[in-house]
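Structure first, then comments.
Readers should treat all values here as calculations from the given coordinates under stated rules, not as data from a laboratory. Remember, predicted model here, so these are calculated numbers, not experimental data. Ideal geometry is used to build each Cβ from the backbone, glycine not excepted, and the neighbour counts take in all protein chains shown.
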Amino acid sequence: MAHMRYLMWAESAKKEKYPNVANLYKAVAYAEQVHAGNHFRELKKEVGDDSVTAGAGFGMTNTSENLQGAINGENYEVDQMYPSFISVANLQEEKGSLRSFQFALEAEKTHAELFSLAKEAVDGGSDYGEDKIHVCDICGYTLSGDNVEDDCPICKATPDMFTAFQTK
């Protein structure tokens, strides 16, 4: 759900003339897709109609409020959702799930930080200051700036394993 919410909010930010915020949303949407892919791979033998609760709100307001919604959702994942998932994975000795959840937890921290910086810029009357965002294809770690020079601090993926998102 975060993936789609961020894509919708990206379109709204673009319409409000915040192209760098829109780019950030698209990059983090991709990171959320990476997390979902990791989780799906770990659950490959599970099928059914189980409920999946994301704990984040929906709605379309303005870019500042949408960014606050993104921050709230990321903080929920960091403070409540993933710690709970990690506890259960530990109890059930699900090593693959544990790794997937730990990767996502650490990446979500970077998402909350980037959204907070973007909100500060928007609330100050300007666009987010970075026009290039990089996402680790393995764990979803996200950083801004021109180049990835070091291995991923979460999963140790090499710089060539990052996807770049650039404002056009």
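Which value in nm describes the separation of the simple spin-label points at Lys132 and Leu91, placed 7 Å from the Cα toward the beta carbon?
4.6
Could you tell me the distance between the Cα centroids of the range 103-135 and the range 138-168, to the nearest Å?
So the two Cα centres are separated by 14 Å.
In nm, to one decimal, how far is the modelled label at Arg99 from the one at Asp150, with both set 7 Å along Cα→Cβ?
About 2.3 nm separates the two model spin labels.
Looking only at His39, His111, His134, which one moves most when the chain is put into a Gaussian network model with springs between Cα atoms under 10 Å?
His39
For an R0 of 41 angstrom, estimate the FRET efficiency from the Cβ-Cβ distance between Thr158 and Met4 and round to the nearest 0.05.
On the way: r = 30 Å, r/R0 = 0.73.
With R0 = 41 Å, the Cβ-Cβ based efficiency is 0.85.
Please compute the contact order of the chain in relative form: average sequence separation of alpha-carbon pairs under 8 Å and at least six residues apart, divided by the residue count, as a percent. List each step's numbers first, then the result.
Details: 254 pairs, mean separation 44.6, N = 168.
27 percent.
Counting only helical runs of four or more DSSP H residues, what would the 222 nm mean residue ellipticity of the chain come to if each run contributes -39,500 (n - 2.57) and the total is spread over all its residues? If you can, show how the numbers build up before the last one.
Values: 5 runs with 91 residues, N = 168.
My calculation for the chain gives -18500 deg cm²/dmol from helical runs alone.
Is the shape of the range 80-168 best called rounded, prolate or oblate, per the rule: a/c under 1.5 gives rounded, else a/b larger than b/c gives prolate, else oblate, with a ≥ b ≥ c the square roots of the Cα gyration tensor eigenvalues? Let's see the in-between values first.
On the way: a/c = 3.86, a/b = 1.60, b/c = 2.41.
It comes out oblate by the Cα gyration axes.
Excluding same-chain residues fewer than 8 positions from Lys109, which lysines have a Cα within less than 16 Å of its Cα?
Lys119
Report the residue, chosen from Glu77, Glu11, Glu94, that carries the largest GNM mean-square fluctuation when the chain is represented by alpha-carbon nodes joined by springs under 10 Å.
Comparing Glu77, Glu11, Glu94 in a Gaussian network model of the chain, the most mobile one is Glu94.
Just Phe101, Phe115, Phe85 to compare: in a GNM of the chain, with alpha carbon springs under 10 Å, which one fluctuates most?
Phe85
Rounded to the nearest 0.05, what FRET efficiency do Glu11 and Leu43 give with R0 = 30 Å and r taken as the Cβ-Cβ distance? Could you check? Can you show the working numbers first?
Values: r = 30 Å, r/R0 = 1.00.
Calculated value: 0.50.
If the only charges are +1 at each Lys and Arg Cβ and -1 at each Asp and Glu Cβ, what is the size of the charge dipole of the chain around the Cα centre, to the nearest 20 debye?
Working: 15 positive and 27 negative charges, 81 e Å.
That gives the chain a dipole magnitude of about 380 debye.
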